[in-house]
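**Student:** First the structure, which I've put down as structure tokens, then a few questions once you've had a look.
The values are calculated or read from the model by the stated rules, or taken from the named source; none is laboratory data. Nothing here was measured: the structure is a model prediction, and the numbers come from that model. Cβ placement follows ideal geometry from the backbone for every residue including glycine, while neighbour counts extend to all protein chains displayed.
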Amino acid sequence: MRRLVLALTLLVLAGCPAFWSALPRVAQGAQVLGSLLDVAAAGSEAYYARHPSPAAQAEVDQALRLARTALAALDAGVLAADGADDEDLALRRSRALEAYEQLRLLLDGLGVLDARPPDGGAETSAPLPEPFELPPADEIERRMR
């Protein structure tokens, strides 16, 4: 993360016009995406502490890993980009947003986002999970343009 901040600072100081246009928004969008993945991880942990389901939890963990891997690739792409219109950066952004959206849809379908208990599922004495929101990927993508 420090390298990303340093690279962005150096680009700003160099006065790169492409940087001033949209690259900071891509970097900021990547930070937002990382924060949302943290929220998703914490929310799903709380949900499965109360409503254990090893199979569903493994599916969520896999989706989280894929989303974090795609985000790491996006972060690296921001550092290597020639500008916001760099094709490789656009592909990395698209993949990160797609992986995030797949995770969001999975959590929604499993009832994790609205903290809906599964029908007939196991339940522990852990605290009740709280509902949480994750914005759709297209909303995050708008911030990156």
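**Student:** Taking the residues in the range 100-145 that are part of a loop (DSSP other than H, G, I, E, B), of a type in the set (A, V, I, L, M) and in contact with a helix residue (DSSP H, G or I) (Cβ under 9 Å, 6 or more places away or on another chain) as candidates, determine which candidate is farthest from Ala56 (Cα to Cα).
**Tutor:** Here the answer is Met144.
**Student:** Can I ask one more? Of all residues in the range 111-123, which are out of contact with any Ser or Thr (no Cβ under 8 Å at 6 or more places or on another chain) and surrounded by 20 or more Cβ atoms within 10 Å (Cβ to Cβ)?
**Tutor:** Within the range 111-123, just Leu113 meets the criteria.
**Student:** Considering only residues of the range 7-40 that are outside any helix (DSSP H, G or I) and among the small types (Gly, Ala, Ser), which is modelled with the lowest pLDDT?
**Tutor:** Gly15
**Student:** Determine if the range 94-106 includes at least one residue that is modelled with pLDDT of 95 or more, surrounded by 16 or more Cβ atoms within 10 Å (Cβ to Cβ) and over 10 Å from the mean Cα position of the chain (by Cα).
**Tutor:** The answer is yes; a qualifying residue exists.
**Student:** Just to check your reading of the model, which residue among Ala55, Ala76, Ala81, Ala63 is of a type in the set (A, V, I, L, M, F, W, C), modelled with pLDDT of 95 or more and surrounded by 19 or more Cβ atoms within 10 Å (Cβ to Cβ)?
**Tutor:** So the residue among Ala55, Ala76, Ala81, Ala63 that is of a type in the set (A, V, I, L, M, F, W, C), modelled with pLDDT of 95 or more and surrounded by 19 or more Cβ atoms within 10 Å (Cβ to Cβ) is Ala63.
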